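K.L.:
The structure is given below, and queries will be raised subsequently.
The values are calculated or read from the model by the stated rules, or taken from the named source; none is laboratory data. In this text the structure is predicted, and so the values were computed from the model without any measurement. Glycine also receives a Cβ, built like all others from the backbone with ideal geometry; neighbour counts cover every protein chain displayed. Heads up: the accessible areas ignore ligands, DNA and RNA and are worked out on the full protein's heavy atoms, side chains in. Shrake-Rupley method; radii C 1.70, N 1.55, O 1.52, S 1.80 Å.
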Amino acid sequence: MTSKTTPESPLPIRTVLQMVGGWIGRLGTIWVEGEITDLSARGGTVFLTLRDPVANVSARVTAPRGVYEATEPRPSNGARVVLHVKPDFWVNRGSFAFTALEMRPVGVGEMLVRLERLRKLLAAEGLFNADRKRRLPFLPGTVGLVCGRDSAAERDVLENSRRRWPAVRFKVEEVAVQGPYAVGEVTEALRKLDADAEVDVIVVARGGGSLEDLLPFSDETLVRAVSACRTPVVSAIGHEQDSPLLDLVADVRASTPTDAAKKVVPDVGEQLTLVRQLRDRGRRVMGGWLDREMSWLTSVRSRPSLADPVRELERRAEQAEALRDRARRSLSGSLDRAADDLTHLRARLVALSPAATLERGYAIVQHPSGEVVRLAKDVAPGSPLTIRLSDDRLTVRTEDPDGAAPARPARAKTSTARSKKADGTTTSRSKKPDDGETT
């Protein structure tokens with residue numbers, strides 16, 4: 001209702017605010033969506049600003065603390081939420097705000113933020129490391145399959161696997177693959193199959209769906225259960241573009257359930273073809289090796305050493321005799337040359353020996369100390385001297401040439417001693433006693 005006013009007849013402000021409050025009150029409770037900013041809590045009330053992410057429009061919102069804390073997960077600044085609000089207008093202050101009756105975090109962005117935060121946490125713990133991945137068995141005896149009840153994913157895995165290898169066996173655990181019970185049932189099925197000694201590999205399969213439908217396969221409890229499995233796990237969740245956290249922790253990721261069947265079970269036709277190819281290759285390799293060995297054997301048998309072994313022995317015997325004669329001649333020549341050298345050396349020694357000089361009539365005059373007398377002035381009158389001859393020696397005493405006539409020498413007794421010459425012959429030498437020295 002519009003009131004007519006003029007400068008002469010204005011409405012009191014209280015009346016206008018009451019009218020505004022009445023108009024707002026007729027709006028009732030509504031659901032609104034926006035992005036939270038300026039979030040704060042004081043006492044039992046939480047204050048926030050709800051901003052439109054497209055237009056530059058915002059409104060103040062108050063919420064009881066119980067409503068805020070009942071929201072899971074609790075929203076923070078930047079989170080997009082849907083609020084069930086009641087508009088309030090305070091006439092006394094002329095201010096407008098919403099009172100939140102219920103709060104729900106919504107939007108793909110919020111879910112992606114949560115998943116990214118969990119992904120970083122698990123990656124920091126090493127659950128996605130490549131060295132933790134286990135290789136799938138070449139031909140599993142029994143395959144464990146976790147899938148939805150009577151689902152297309154189950155049919156895809158079973159039919160494609162049996163088409164590739166008809167003898168393959170399965171143990172199927174049908175569980176809820178979306179909703180509040182999905183995480184618990186899938187985790188329990190994993191633990192049951194992992195404890196079964198007959199199961200060689202486990203496949204977790206589900207068809208495509210929205211991000212919300214696939215959220216159970218990004219749950220932290222399920223991801224940690226897969227990382228703790230001792231049996232290799234294959235993740236086949238959704239389509240190629242879907243990537244839940246289960247794909248990162250599983251040992252092998254398959255883009256679809258059909259792709260999981262191809263990765264888990266080998267194709268019998270391909271394996272038979274491979275066996276034939278390997279068998280033919282083995283035959284060719286073995287045939288070539290036998291041909292080479294036969295050629296080598298033929299060439300070896302044609303060698304003279306095998307064609308006429310006795311001739312080879314005779315040739316070796318002739319070589320041995322020639323070497324023996326050569327060694328004898330060499331040794332004999334060496335002995336002859338050594339004998340000639342010895343003879344020449346002996347002749348030189350004899351020629352250079354002082355004994356040979358004495359045998360030619362020379363004598364050596366020596367002092368009693370053995371020193372050779374080279375000059376007459378070195379001998380004092382009356383000094384005893386030794387004269388060494390070729391086969392003996394004499395002891396004499398010198399006299400002064402200017403002195404008296406020498407006395408008649410007494411008969412000297414000569415003592416003969418045997419001496420051995422340098423050439424090995426024995427000679428005799430005589431030595432007169434000191435009292436019969438000749439001067």
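K.L.:
Taking the condition of being closer than 21 Å to Arg135 by Cβ and surrounded by fewer than 17 Cβ atoms within 10 Å (Cβ to Cβ), how many residues in the stretch 228-241 meet it?
P.N.:
2
K.L.:
What about Ala338, is it over 52 Å from the mean Cα position of the chain (by Cα) and hydrophobic (A, V, I, L, M, F, W, C)?
P.N.:
It is true that Ala338 is over 52 Å from the mean Cα position of the chain (by Cα) and hydrophobic (A, V, I, L, M, F, W, C).
K.L.:
Scan the stretch 188-198 residue by residue and report those that are of a type outside the set (Asp, Glu) and either open to solvent by 10 Å² or more (accessible area, probe 1.4 Å) or over 39 Å from the mean Cα position of the chain (by Cα) (or both). Lay out the reasoning, then the answer.
P.N.:
Within the stretch 188-198, the subset of a type outside the set (Asp, Glu) is 189-193, 195, 197.
Selection gives Arg191, Lys192, Ala195, Ala197.
K.L.:
Same structure again: Has the stretch 110-128 got at least one residue that is farther than 30 Å from Lys192 by Cα, modelled with pLDDT under 90, charged (D, E, K, R) and surrounded by 15 or more Cβ atoms within 10 Å (Cβ to Cβ)?
P.N.:
There is at least one residue in the stretch 110-128 that is farther than 30 Å from Lys192 by Cα, modelled with pLDDT under 90, charged (D, E, K, R) and surrounded by 15 or more Cβ atoms within 10 Å (Cβ to Cβ).
K.L.:
List every residue pair whose Cβ atoms sit under 8 Å apart, with the two residues 6 or more apart in sequence or on different chains, where the first one lies in the stretch 61-78 and is at positive phi and the second, anywhere, is not in a helix (DSSP H, G or I).
P.N.:
Pairs found: Gly78/Glu35; Gly78/Ile36; Gly78/Thr37.
K.L.:
Out of (1) in a helix (DSSP H, G or I); (2) open to solvent by less than 100 Å² (accessible area, probe 1.4 Å); (3) touching a residue at least 12 places away in the same chain (Cβ under 8 Å), the odd one out for Leu349 is which?
P.N.:
In the conditions (1) in a helix (DSSP H, G or I); (2) open to solvent by less than 100 Å² (accessible area, probe 1.4 Å); (3) touching a residue at least 12 places away in the same chain (Cβ under 8 Å), Leu349 misses (2) alone.
K.L.:
Could you tell me which of the residues Leu211, Leu245 is open to solvent by 30 Å² or more (accessible area, probe 1.4 Å), touching a helix residue (DSSP H, G or I) at 6+ places or on another chain (Cβ under 7 Å), closer than 29 Å to Val113 by Cβ and not β-branched (Val, Ile, Thr)? Let's see the steps before the verdict.
P.N.:
On the way: Leu245 fails: open to solvent by 30 Å² or more (accessible area, probe 1.4 Å).
The match here is Leu211.
Yes/no per residue for (1) open to solvent by less than 70 Å² (accessible area, probe 1.4 Å); (2) modelled with pLDDT of 85 or more; (3) under 16 Å from Phe89 (Cβ atoms); (4) touching a Lys or Arg at 6+ places or on another chain (Cβ under 9 Å):
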{"residue": "Pro7", "(1), (2), (3), (4)": "no, no, no, no"}
{"residue": "Pro12", "(1), (2), (3), (4)": "yes, no, no, no"}
{"residue": "Gly21", "(1), (2), (3), (4)": "yes, no, yes, no"}
{"residue": "Arg51", "(1), (2), (3), (4)": "no, no, no, no"}
{"residue": "Gly66", "(1), (2), (3), (4)": "yes, yes, no, no"}
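K.L.:
Which residue pairs have Cβ atoms under 8 Å apart, sit 6 or more places apart or on different chains, and have a first residue in the stretch 199-223 that is aromatic (Phe, Trp, Tyr) and a second that is part of a strand (DSSP E or B)?
P.N.:
Phe217/Val204; Phe217/Arg206; Phe217/Ser235; Phe217/Ile237
K.L.:
Exactly one condition in (1) part of a loop (DSSP other than H, G, I, E, B); (2) surrounded by 14 or more Cβ atoms within 10 Å (Cβ to Cβ); (3) not charged (D, E, K, R) is false for Thr99; which is it?
P.N.:
Of (1) part of a loop (DSSP other than H, G, I, E, B); (2) surrounded by 14 or more Cβ atoms within 10 Å (Cβ to Cβ); (3) not charged (D, E, K, R), only one is false for Thr99: (1).
K.L.:
Something else about it: Can you tell me which condition Ala41 does not meet? The list is (1) open to solvent by less than 60 Å² (accessible area, probe 1.4 Å); (2) farther than 23 Å from Glu102 by Cα; (3) touching a residue at least 12 places away in the same chain (Cβ under 8 Å), and all the others hold.
P.N.:
Against the list (1) open to solvent by less than 60 Å² (accessible area, probe 1.4 Å); (2) farther than 23 Å from Glu102 by Cα; (3) touching a residue at least 12 places away in the same chain (Cβ under 8 Å), Ala41 comes up short only on (2).
K.L.:
State all residues of the stretch 188-216 that are assigned to a helix (DSSP H, G or I), at pLDDT 90 or above and not small (Gly, Ala, Ser); if no residue qualifies, say none.
P.N.:
Step one: list which residues in the stretch 188-216 are assigned to a helix (DSSP H, G or I), which gives 188-195, 215-216.
Okay, now just the ones that are also at pLDDT 90 or above, so 188-195.
Of everything in the stretch 188-216, those that are assigned to a helix (DSSP H, G or I), at pLDDT 90 or above and not small (Gly, Ala, Ser) turn out to be Glu188, Leu190, Arg191, Lys192, Leu193, Asp194.
K.L.:
Let me ask another. How about the stretch 112-157: which of its residues are within 14 Å of Pro232 (Cβ to Cβ) and among the β-branched types (Val, Ile, Thr)?
P.N.:
Of everything in the stretch 112-157, those that are within 14 Å of Pro232 (Cβ to Cβ) and among the β-branched types (Val, Ile, Thr) turn out to be Thr142, Val143, Val146.
K.L.:
Still on this structure: Among the aromatic types (Phe, Trp, Tyr) and more than 13 Å from Pro87 (Cα to Cα) - does that describe any residue in the stretch 18-38? Before you say what the answer is, go through the steps one by one.
P.N.:
Just the residues of the stretch 18-38 that are among the aromatic types (Phe, Trp, Tyr), to begin with: 23, 31.
Going one step further and asking which of them are more than 13 Å from Pro87 (Cα to Cα), we end up with none.
Within the stretch 18-38, none of the residues are among the aromatic types (Phe, Trp, Tyr) and more than 13 Å from Pro87 (Cα to Cα).
K.L.:
Right, another one. Given (1) of a type in the set (Lys, Arg); (2) in contact with a helix residue (DSSP H, G or I) (Cβ under 9 Å, 6 or more places away or on another chain); (3) within 19 Å of Gly44 (Cα to Cα), identify the lone condition not met by Arg65.
P.N.:
Every listed condition holds for Arg65 apart from (2).
K.L.:
Name the pairs whose Cβ atoms lie under 6 Å apart, with the first residue in the stretch 365-394 and part of a loop (DSSP other than H, G, I, E, B), the second among the hydroxyl-bearing types (Ser, Thr, Tyr), and 6 or more positions between them or separate chains?
P.N.:
Every condition considered, the pairs that remain are Val379/Thr398; Pro381/Thr398; Ser383/Thr398; Asp391/Thr427; Asp391/Ser428; Asp392/Ser430.
K.L.:
Just a yes or no: is a residue in the stretch 164-172 touching a residue at least 40 places away in the same chain (Cβ under 8 Å) and closer than 19 Å to Arg132 by Cβ?
P.N.:
From the stretch 164-172, those touching a residue at least 40 places away in the same chain (Cβ under 8 Å) are 164-166, 168; that's our starting set.
Now narrow it down to the ones that are closer than 19 Å to Arg132 by Cβ: none.
No.
K.L.:
Does any residue of the stretch 117-136 turn out to be touching a strand residue (DSSP E or B) at 6+ places or on another chain (Cβ under 8 Å) and touching a residue at least 24 places away in the same chain (Cβ under 8 Å)?
P.N.:
Step one: list which residues in the stretch 117-136 are touching a strand residue (DSSP E or B) at 6+ places or on another chain (Cβ under 8 Å), which gives 133, 136.
When the remaining residues are screened for being touching a residue at least 24 places away in the same chain (Cβ under 8 Å), the result is 133, 136.
So far as the stretch 117-136 goes, yes, one or more of its residues are touching a strand residue (DSSP E or B) at 6+ places or on another chain (Cβ under 8 Å) and touching a residue at least 24 places away in the same chain (Cβ under 8 Å).
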